[in-house]
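The values are calculated or read from the model by the stated rules, or taken from the named source; none is laboratory data. All values derive from a computational prediction rather than experimental measurement. With ideal geometry, Cβ positions are generated from the backbone for all residues, glycine too; neighbour counts draw on all protein chains shown.
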Amino acid sequence: MNPETQKIKQKFNPLDFCAWWGRVFLKLISELGAIALFALHGFILIFTAPLQIRKIVQQVYFIGVKSVLIISLIGLFTGMVLGLQGYYTLVKFGSEGLLGAAVALSLIRELGPVLTALMVIGRAGSSMAAEIGIMRISEQIDALDTMDINPMKFLVAPRIAASIIVFPLLTALFDVIGILGGYLTGVVQLGINSGIYFNRMYDSVVLEDVTGGFYKALAFAVVVSVVCCFQGYFTHMRSGGFGAKGVSYATTSAVVISSVTVLIVDYVLTSFLL
């Protein structure tokens, strides 16, 4: 046998390949288990005395109120684009009267919860991870432990509670403004009868569509808050870097992982809700 061929065969060992995939799978399972326990611990602490009402209100303001402008802006232009694209698609089939139903169902069922979650990730989720990560590397979390203050209850639980409160509200705001954007494009710009626009919407949208969108918003609230807080809380355990570099990696990971997870959860929930 050619010595070079023998070297190649020695380098490629199927057992090593299987072992590598096994390590990746075990690491993934371990990470998912750690996040699940982290989420369960944080959720339990929401209802444990003393209640962090003031911290929850502060986070509601930071995550919710400060996101209203960007959510309104994105919702308006999303609805306008849906109205424009939907009109030129439906008019080919002589069904432009269904534009109101198409815009409303697209926003309420799918685009409203998903785009709201993605916008909050970019505006508030990254800040959660960075803030908690800086507190970790500057030993402020260790100081809380020293003072017998539970860092999970003080830092994580209020953020989870606030996210659960504001995500459905922001989703509702996104849906309403998106429908208004579709109205501006379809009725004001393109001349569809306003009565037909709202009547078709009223006939097509049912309570299950609205509740399904809110279920998604609640699920996204838990995913975003838990993943972002988890990445920041365990910044010091990252192997990729320490100090400021570790915080930057944690913030990037929080945004990427939570965004991908939102899309995965959206697919799973859509499969069950349809």
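Looking at Leu99, Leu40, can you tell me which residue is part of a helix (DSSP H, G or I), buried (at least 18 other Cβ atoms within 10 Å of the Cβ) and not β-branched (Val, Ile, Thr)?
When all the criteria are applied, what remains is Leu99.
Quick one: is Ala162 part of a helix (DSSP H, G or I), closer than 23 Å to Ser67 by Cα and either among the charged types (D, E, K, R) or modelled with pLDDT of 90 or more (or both)?
Against the criterion (part of a helix (DSSP H, G or I), closer than 23 Å to Ser67 by Cα and either among the charged types (D, E, K, R) or modelled with pLDDT of 90 or more (or both)), Ala162 qualifies.
Return the residues of segment 205-227 that are more than 14 Å from Thr171 (Cα to Cα) and either aromatic (Phe, Trp, Tyr) or assigned to a loop (DSSP other than H, G, I, E, B) (or both); say none if nothing qualifies.
Selection gives Val205, Val206.
Scan (1) of a type in the set (D, E, K, R); (2) crowded, with 17+ Cβ neighbours inside 10 Å; (3) within 19 Å of the chain's Cα centre (by Cα) for the single condition Arg123 breaks and write down its number.
Condition (2) is where Arg123 drops out.
Do we find that Leu51 is part of a helix (DSSP H, G or I) and aliphatic (A, V, I, L, M) in this structure?
For Leu51, the condition - part of a helix (DSSP H, G or I) and aliphatic (A, V, I, L, M) - is not met.
Rundown of residues vs (1) of a type outside the set (Asp, Glu); (2) modelled with pLDDT of 90 or more; (3) surrounded by fewer than 24 Cβ atoms within 10 Å (Cβ to Cβ), yes/no style:
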residue: Val210; (1), (2), (3): yes, yes, yes
residue: Ala221; (1), (2), (3): yes, yes, no
residue: Val224; (1), (2), (3): yes, yes, no
residue: Cys228; (1), (2), (3): yes, yes, no
residue: Arg238; (1), (2), (3): yes, no, yes
residue: Phe242; (1), (2), (3): yes, no, yes
residue: Gly246; (1), (2), (3): yes, no, yes
residue: Ala254; (1), (2), (3): yes, yes, no
residue: Tyr267; (1), (2), (3): yes, yes, yes
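Which of the residues that make up segment 136-151 are part of a helix (DSSP H, G or I), free of Cβ contacts under 8 Å to residues at least 60 places away in the same chain and not charged (D, E, K, R)?
Once the filter is applied, which keeps residues that are part of a helix (DSSP H, G or I), free of Cβ contacts under 8 Å to residues at least 60 places away in the same chain and not charged (D, E, K, R), segment 136-151 yields Gln140, Ala143, Leu144, Thr146.
What are the pairs with Cβ atoms under 9 angstrom where one residue, in segment 11-26, is small (Gly, Ala, Ser) and the other, located anywhere, is modelled with pLDDT of 70 or more and part of a helix (DSSP H, G or I)? Sequence gap at least six, or different chains.
Within 9 Å, no pair qualifies.
Would you mind telling me which numbered condition in (1) outside any helix (DSSP H, G or I); (2) surrounded by fewer than 14 Cβ atoms within 10 Å (Cβ to Cβ) Tyr202 fails?
(1)
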